[in-house]
1. Could you check how much of the accessible area of the range 172-211 is carbon and sulfur, as a whole percent, using a 1.4 Å probe?
2. Rolling a 1.4 angstrom probe over the protein heavy atoms, how many square angstrom per residue are accessible across the range 169-211?
3. Under a Cβ-only charge scheme (Lys and Arg +1, Asp and Glu -1), can you give me the dipole magnitude of the chain about the Cα centre, in debye to the nearest 20?
4. Give, to the nearest whole percent, the P(r) tail of the range 22-107 beyond 17 angstrom, counting all Cα pairs.
5. Over the chain, what is the mean sequence separation of C-alpha contacts under 8 Å (at least six apart), divided by residue count, expressed as relative contact order in percent?
6. Taking a ≥ b ≥ c as the square roots of the eigenvalues of the Cα gyration tensor of the range 102-211, is the shape rounded (a/c under 1.5), prolate (a/b larger than b/c) or oblate?
7. Quick one: 3J(HN,Hα) in Hz for the range 177-188, Karplus 6.51/-1.76/1.60 with θ = phi - 60°, rounded, Gly and Pro as x.
8. Residue-wise, which Karplus ³J(HN,Hα) couplings in Hz belong to the range 155-166, taking 6.51 cos²θ - 1.76 cosθ + 1.60, θ = phi - 60°, and x for glycine or proline?
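The values are calculated or read from the model by the stated rules, or taken from the named source; none is laboratory data. All values reported here derive from a predicted model rather than from experimental measurement. Here the Cβ is made from the backbone with ideal geometry for all residues, glycine too, and neighbour counts use every protein chain on show. Surface accessibility is based on the protein's heavy atoms, side chains included, excluding ligands, DNA and RNA. Shrake-Rupley method; radii C 1.70, N 1.55, O 1.52, S 1.80 Å.
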Amino acid sequence: MKYLFIFIIASLTLFANDFNQAVEDYNKGGYIKALNTFYGLAKKGDAKAQYNVAYIYANGKGVQKDMDKARKWYEKAAKQDNGAAQYNLAQIYHSAGQSDPHGYEKARYWYEKAVESGIMEAHNNLAALYIDGKGVKKDQQKAFDLFQKAAKMGDPSAQVNVGVLYAWGEGITNDKMKAYDNLKKALVSGKSEASGYLDKLCKESAWVCQD
């Protein structure tokens, strides 16, 4: 899964200078030095620092990768309404869904929080849970609505999903032109998998692709 990487620069806070120095250290490859500073700020309750500690552990930057520590610090930041942390925490639970009996439910909860925080990608991943009925009651229409919101926000993955559902989805009013438009937008944005769906669509309904 794709994890958000948003080093949010602190504004006018008590710890702004330390935080900004840690970001500079990180960007120069001084991961341990950055982690030590972020960790000190994180223990004092700074949500952005908590997010960055989690991100460093999740990606093994200068330290051994440790998803338990990453989850712990993402959760602390997520509870302070850090949208990026909410999204990444949801993805950790989503990935663990097959082994954690409550993983998908926890993923749904944090994706919903991330949606409320305005994280574009969270709409698409929450929709995927509704499509598969994981952690929620299966609801293709709910999933489609979420995919559409993300697609309109410019999420190419959601554009692919909207295109596929418009073209071949069950229980969805098929619209080959809207399918084509969304798949084309996704392809332009670099989603190579859209190409295969476009080829299939154009073979089935050549008239759609006359542009």
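1. 49 percent
2. Accessible surface, normalised per residue, equals 66 Å².
3. 360 debye
4. Everything past 17 Å amounts to 45 percent.
5. This gives 10 percent for the chain.
6. prolate
7. 5, 5, 4, 4, 4, 5, 5, 5, 4, 5, 5, 4
8. 7, x, 5, 5, 4, 4, 5, 5, x, 5, 5, 5
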